[in-house]
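One structure is given here, and the rest of the page talks about it.
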Amino acid sequence: MMKSKLFLLTAIASFVPLSVSVAQTPTIDYSHGLYKTAAPDWSKITWETLPPIQQPGFLKIPKNLISTFGYDPSRSWTAGQKVDSVVMLGDADDAFKMSALSLKDIGTLALPTTATTTKPTLKDFGLIQWQTPKTLVKAMPELSNLSLSEVPPLADLFSRNGAGLGSGTISQAIASNPQAANLTLDKIDLSKYSLDSIPGLTKTQLVKFEAWQQAYVNQIPKYKSSSL
């Protein structure tokens, strides 16, 4: 695991120049005979504590290669920007396997010293903004049998498109209102809703969501505060 993590950070450094120093990075000393060395102490290093980017830059991937990656990793960054706002989930999945994690799983990984009492909202869960009622039901099939009134964000989205709540299920609402079913959730004020406003959301693996790879590390609640 350590080898894969080192490979990932080396890959990031190849396009994101970082200012790395022993003073900034927690280390563990190892000795073998007369030889001594220091290695990163991964239990104390988090995404948000990695040194900031020192130079601006960009990464542009040709459209014909996007299918190879499975997502579009193109992006730009500025000097002083934090690494967790530049690295996408898809960049790091080979090393960290976060796609298999749920928000509930990630919450258990956050270091106590960085824990916060502020409860995240749907706005803090970045990949929700491009989900639609259809992609959410695909990710969480159990939603299909709930009524819209049981999932307030979807009720809000459908009502904004002139669709009445009615007494049917979400699957019925999707079938009878195809236009609303394909609206992205960024059309509503996501900051108004807690993560629990969508039943089962926190227990769903990230890989289940549409285009999960394009979410940045800092768009996943508590992930940036988790040890590497």
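Arranged by the count of other C-beta atoms within 10 angstrom, fewest first, what order do Trp212, Trp130 take?
Trp130, Trp212
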message: Greater than 22 Å separation of Cα atoms is the criterion. Which listed pairs, Lys203/Lys224; Lys63/Lys203; Lys104/Lys224, meet it?
response: Lys63/Lys203
task: Please work out the Cα center distance from region 43-79 to region 120-150, rounded to the nearest Å.
output: 27
- request: Could you list the residues of region 209-228 with an amide nitrogen less than 13 Å from a label point located 7 Å from the Cα of Asp105 in the Cα-to-C-beta direction?
  value: 209
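Sorted from fewest to most neighbouring beta carbons within 10 Å, what does the list Arg75, Arg160 look like?
Neighbour counts put them in this order, fewest first: Arg160, Arg75.
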message: Suppose R0 equals 25 Å. What FRET efficiency, 1/(1 + (r/R0)^6) with r the Cβ-Cβ distance, do Ser67 and Lys44 give to the nearest 0.05?
response: 0.05
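Hey, fewest Cβ within 10 Å first, where do Leu190, Leu136, Leu157 land in order?
Sorted ascending by nearby Cβ count, the order is Leu190, Leu157, Leu136.
Rule-based calculations on the coordinates, nothing more; no lab input. Since the model is a prediction, treat every value here as computed from it, not as a measurement. Backbone-built Cβ (ideal geometry, glycine too); neighbour counts: all protein chains shown.
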